[in-house]
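This report refers to the structure that appears directly beneath it.
Every number here is computed from the coordinates shown, using simple stated rules; none is lab data. Since we're looking at a predicted model, the values are computed, not measured. Every residue, glycine as well, gets a Cβ built from its backbone with ideal geometry; the counts of neighbours run over all protein chains shown.
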Amino acid sequence: MSTVRYILDNWGTLGPQVETHLEIVAIAMAIAVAVGLGLGIGSARSARVAAASLAVTSTLLTVPSFALFGLLSIWVGLEDPPVIIGLVLYALLPVVRGTLTGIRAVDPAVIEAARGMGMGGAQRLLRVELPLAVPVILGGIRQATVMVVAIATVGAVVGANDLGQPIFSALYRSTATTPRILAGVIPVAAIGLLADGVLSLVQRRLARGRVAVGAT
Amino acid sequence: MITFDRVSKRFGEVVAVRDLSLEIASGEIVVLLGPSGCGKTTTLRMVNRLVEPSSGTIRIDGRDTREMDVNLLRRSIGYVIQQVGLFPHRTVAENVATVPRLLGWDRARTHRRVEGLLDLVGLPPGQYAHRLPSELSGGEGQRVGVARALGADPDILLMDEPFGAIDPLVRGRLQDELLRLQQVLHKTIVFVTHDIDEAVRLGDRIALFSAGGALEQYAAPDLLLGAPASAFVDEFLGDGRMVRRLGLRRVRSARLRDPDGQGVPATAIDADATLREALDAVLGTGDGRVAVRESGRILGIIDSESIREAVR
């Protein structure tokens, strides 16, 4: 009960933090999807590109977020920018892997037919491969979004005014620590679940007739 | 007309097609036949440049295919494969409209063409146009595959074991339908199969390849079966050679016997049936005599002796 009271009493501070959090995640995901799709398509075309981009993006995921945001803040300054860049780097692997897996899962007979009918590379990609891979790509985007929503809280250490703020504020206090932490965690969980739900709905809508959606 | 002029194809060390010279006349069904690894599919795929020859020239109506834009060349040639390869996210109508759309046909013309093609392959548009490929049976799927290949009314149709994955009953029906379509369309059809019966049934001419991509014989089915050019051809066509040949001849072509005093047998067969069917009927009767009928009239009697004479 005290948590609910805390959230209501402090909505003036929390509201903008929710907004910033959503903004950071949205911008980071938009960039990650654009870059990740590009890398994924390149990976599907060339084994060398695939090996390199999977190696780099999975290594990025092993860097602790504290360290990554800290390092990035030295180069690009404090607040939102280092957080956005860091989140993009974390989100790349699921998006790249989803794109690569989705394109590779397209039935070779379908590609053969497309080539045989005189579709060029770009036409095959846009009219056949990507539309068929969409459910798997969305699966990657979904995974990345949920992950990034949670990691964004760490951005508070470099001064991003997001939902990490109430959580970190609890570290230096002896009173109301639990409500403070929960005031950050509950909205983060809600945003994560909501994003996951919406994306999985879209994913299922688009699955009709396309590459089977693996268990995610 | 498709002309292969001393065409070879090597994949690394392996020779898939060896020094092939072959002419495929317009309006003919030519079957490329042979065991697996004989280069028949490679030969087919060189026509629309899905495989590029290592040496030699392929011409279509005198034009070297290498001088044409590869995608425009492919759009001008129908292509049907065993696995069909329909676009699973597109409806039947959208699949059939693929090449017309690539060629930039307007909506009305494409729509008319799609409806006409679906009718042609025996799939009423009202019932099938808006289905997804996942809602079709194997036979229906391949009919859509054929309709899609005919999309922009190409002169040439390449078919790579199109009925190979379809159960025998439906396969026979699709073979009949292809022959019926050909009566109307007069396309130049290159058809790959390893099934001798299919080759004999469909081919105006058969090109028989042996392993390593050597052309062993190129002849009409009757000649191939009647006069094998090499030991390989003889062996490949196997024991059923003469019986298969019977499948090419009509009962009306045999010299029929008069009923004499023995009367007209109860078993009868149509004059348009094949001699193979006649032999089957003859073997099934007690005295080996079968009446030959044409629109209710008895033309004569056929027996094993008259069948034997017909293929000698």
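Here are some notes:
- Translational diffusion coefficient (Stokes-Einstein; Kirkwood radius from C-alpha pairs) of chain A at 25 °C, 0.890 mPa s, in µm²/s: 131
- Shape call, the stretch B:251-311: gyration tensor on alpha carbons, a/c limit 1.5: rounded
- Top of B:GLU161, B:GLU67, B:GLU177 by mean-square fluctuation, Gaussian network on chain B, Cα under 10 Å: B:GLU67
- Near A:LEU37, once Lys and Arg are set to +1 and Asp and Glu to -1 for all other residues with Cβ below 15 Å from its Cβ, the sum equals +3.
- Longest exposed-site-free window of chain A, the sites being trypsin sites (Lys or Arg not before Pro) in a DSSP loop that have at most 12 other C-beta atoms within 10 Å: A:1-172
- Under the membrane-span-like helix rule (DSSP H runs whose alpha carbons stretch at least 15 Å along the helix axis, mean Kyte-Doolittle hydropathy 0.5 or higher), chain A yields A:11-45, A:47-62, A:65-76, A:80-104, A:130-151, A:177-206.
- Count Lys and Arg as plus one, Asp and Glu as minus one, and take only other residues whose Cβ is under 14 Å from that of B:SER210; the net charge is then -2.
- Shape category assigned to the stretch B:200-312 from the gyration tensor of Cα positions, a/c cut at 1.5: prolate
- Percentage, to the nearest whole number, of Cα pairs in chain B over 37 Å apart: 27
- Top of B:GLY34, B:GLY240, B:GLY141 by mean-square fluctuation, Gaussian network on chain B, Cα under 10 Å: B:GLY240
- Between helix B:107-120 and chain B: long-axis angle, C-alpha atoms, 0 to 90°, nearest 10: 20
- Local net charge near B:SER55, Cβ-Cβ under 14 Å (Lys/Arg +1, Asp/Glu -1): +1
- Angle in degrees between helix B:168-185 and the longest Cα principal axis of chain B, rounded to the nearest 10: 70
- Chain B: most fluctuating residue of B:ARG244, B:ARG109, B:ARG101 per GNM, C-alpha cutoff 10 Å: B:ARG109
- Expressed to the nearest 5 percent, the antiparallel share of DSSP beta bridges inside the protein assembly as shown is 55 percent.
- Antiparallel %, DSSP beta bridges [both residues in the stretch B:147-285], to 5: 55
- Just so you know, the averaged projected area of the alpha carbon convex hull for the protein assembly as shown sits at 36.0 nm².
- Förster-model FRET efficiency, 45 Å R0, B:ARG10 and B:LEU299, C-beta, rounded to 0.05: 0.20
- Per-residue [θ]222 nm for the protein assembly as shown (sum of -39500 (n - 2.57) over DSSP H runs n ≥ 4, rounded to 500): -16500 deg cm²/dmol
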